[in-house]
Structures are given as structure tokens and as C-alpha cells.
Amino acid sequence: MEISIIQIGNSKGIRLAKTILERYDITDKVELIFKEGFLILKPVKKPRDGWDEAFKKMADRGDDELLIDDVFEDENWEL
């Protein structure tokens, strides 16, 4: 795909079509990677984005039980 460089104030940039933004889930930021003569745009994701809401839903459903005890019988707390 070939796109034009456009003037943006005192800088220059590119415009990405809405379909590209949606397909690659690009929202606010991208990471610009320089690799082997290529420029790569990678969507910036927050790894735990939305977890708070997911955990709340789990608690509401009662799905937030421990699967493994947090203390094991053979643990030695004295060193």
C-alpha cells in the first residue's frame, strides 16, 4: 500500500484509513520500530487494560475463588 506524506503544522505525517485503524485495533498511540530498513507501526496496548472490570464481574458471579492455597503445609517461614 502506498500513502502520501502530508503537512501537519510544521511537521509532516501520514494518514491512516479508518479501516486500517479498526483492523489493527489502533486507538491513541503506536510504537514506531526501526528494523532492517523498515519502519513498523505497532499498536500500543496496556497489558492489563480492562482487568479491573473483568475481576469485578468474576466477583459478582462468585468465580473468584482460590484454585491453589496461598500457603502450603511444607513452607518454612523461619530461615
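Overview of results
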item	result
The stretch 31-57: number of residues that are closer than 29 Å to I14 by Cα and of a type outside the set (D, E)	15
Output for the stretch 15-31, where each listed residue is over 15 Å from the mean Cα position of the chain (by Cα) and of a type outside the set (K, R)	L16, A17, T19, I20
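The numbers here are math on the coordinates, done by the rules we state, and not lab data. These numbers come from a predicted model, not from an experiment.
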